[in-house]
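One structure is given here, and the rest of the page talks about it.
The values are calculated or read from the model by the stated rules, or taken from the named source; none is laboratory data. No experiment lies behind these values; they were computed from the predicted model shown. Note that we place each Cβ from the backbone using ideal geometry, even for glycine, and neighbour counts take in every protein chain shown. Heavy atoms of the whole protein, side chains included, go into the accessibility calculation; ligands, DNA and RNA do not. Shrake-Rupley method; radii C 1.70, N 1.55, O 1.52, S 1.80 Å.
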Amino acid sequence: MDDSVRQELVALLPRLRRFAYGLTGSVEDGDDLLQSALVRAISRIDQWRPGTRLHSWMFRIMQTIRINDLKAVRVRAGSAVAIDPDRAIGGDLRREVEGRLMLDAVRRGVSRLPEEQRAVLLLVCVEGLSYKEVAEMLEIPAGTVMSRLARARGALHRMVHGTEKSAEIIRFGRGGNDEAR
Amino acid sequence: MKLDETMLMAYVDGELDAETAREIETALALDPEAQKIVDQLRQNAAMVRAAFNDPMHEEIPSRLMAPLMAEPAPSGHRGIEASASPRRRQGAGRLARYVMPVAASFIALVVGVGGGYALFGLTDPFTLEVASGGEASDDGHISDVIYRALETETSGREFTWRNAATGRSGTVATIKGFVTSGGQICREFRSTVTLGAETRTRHGLGCRLKDGGWETLWLQARNR
């Protein structure tokens, strides 16, 4: 493998770990996923077309492995979500505890999203990819990206903020219904 | 302009062209309900980012570095060819531009937040040697070595370079690192350049950019 590609991958590792964390819901499972993806990427580095975005290519490999893993272990779906209560977020104690609870709720909420919604949410909101980039990466129409994103946001909002606020956000649940849930 | 949810979402996600975005902003000023939705969308996106941000400033586990480690170096030292990668080239250009005094606040920041920071586990000692006929300037070699030092886990390890063309040699060692409140990793480093009996020491700061590269700048000399 070309040394500059190797270095680019090394530099991307923090972002790749973040995406893996978001997909799997735990840092450890995310690292397992990323490790598999790196091994696969290195063995197939000739399939990456220089000039295209390396991170999108890696995201795609990770997403593919993730989907295959899920098919393989469907029987033990619903396993507990690993949440590390020791992750500091700064601020004074009260705010810190509240913030921690909030972030736990967000992680829990993201982990409960349907797989295809989770990937789109992470790619757009965390990784900053455009709808077009996500559509190309996942090989789905841009309209589907938007409808999944809207549903993911609506569902996450309801899960994080509880049912009492569902009225004001339910507007996001409408429109597009290619993934009834 | 009618503000539907799809439009507001595209606006928040930066999918709209500048003109449409301006129209939305004008309409938002008259529509507190829509503004509330926009705020909520932004807030939710920020929370998702925060929820999964830890890996951005954590040490990379060695098992993830392992598949990416270069093949063993053929001899006692590891060399980088003079033709640096584009990323390092870019660093060299920035470096040259940043040879200037910087704000004292930057230095205070470095002094104020300590603590070693571990990034990558490159294990072998590194020396960059330029045999002969190289560029008259040392800047490219220095920036290559700085890049290598910044990418290396252990603070304090010294990386050396020699430039036969200018007769100069030097060292680079990272001193300490910190994470800014914005989650950006920064590392301070010390660079020495020796010509004959004279050695000049400078301090610099490297901060990791979003695209994975490093932005470096020289810090003003200070007494320690």
Within the stretch A:107-126, of all residues that are surrounded by fewer than 21 Cβ atoms within 10 Å (Cβ to Cβ) and within 13 Å of B:F52 (Cβ to Cβ), the one nearest to the chain's Cα centre (by Cα) is A:S111
Scanning the stretch B:1-12 for residues that are more than 9 Å from chain A (Cβ to nearest Cβ) and of a type outside the set (K, R), the one surrounded by the fewest Cβ atoms within 10 Å (Cβ to Cβ) turns out to be B:M1
Exercise for the section: State yes or no: is A:V10 modelled with pLDDT under 80 and farther than 24 Å from A:V160 by Cβ? Expected result: no
Taking the stretch B:3-56 and keeping residues in contact with a helix residue (DSSP H, G or I) (Cβ under 8 Å, 6 or more places away or on another chain), over 20 Å from A:C125 (Cβ atoms) and either outside any helix (DSSP H, G or I) or touching a residue at least 40 places away in the same chain (Cβ under 8 Å) (or both) leaves B:L3
Here the residues within the stretch A:28-59 that are at the interface with chain B (Cβ under 7 Å from one of its Cβ atoms), under 20 Å from B:E59 (Cα atoms) and open to solvent by less than 70 Å² (accessible area, probe 1.4 Å) are A:D31, A:L34, A:Q35, A:L38
Residue set B:T174, B:T216; condition polar (S, T, N, Q), at pLDDT below 80, within 17 Å of the chain's Cα centre (by Cα) and surrounded by 16 or more Cβ atoms within 10 Å (Cβ to Cβ); output residue B:T216
Of A:L129, A:L93, A:L149, A:L156, the only residue that is at pLDDT 95 or above and not assigned by TED's automatic domain parsing to the domain that holds A:S26 is A:L149
Within the stretch B:13-69, of all residues that are open to solvent by 30 Å² or more (accessible area, probe 1.4 Å), aliphatic (A, V, I, L, M) and within 13 Å of chain A (Cβ to nearest Cβ), the one farthest from A:P14 (Cα to Cα) is B:L16
Scanning the stretch A:119-159 for residues that are more than 10 Å from chain B (Cβ to nearest Cβ) and on the phi > 0 side of the Ramachandran plot gives A:E139
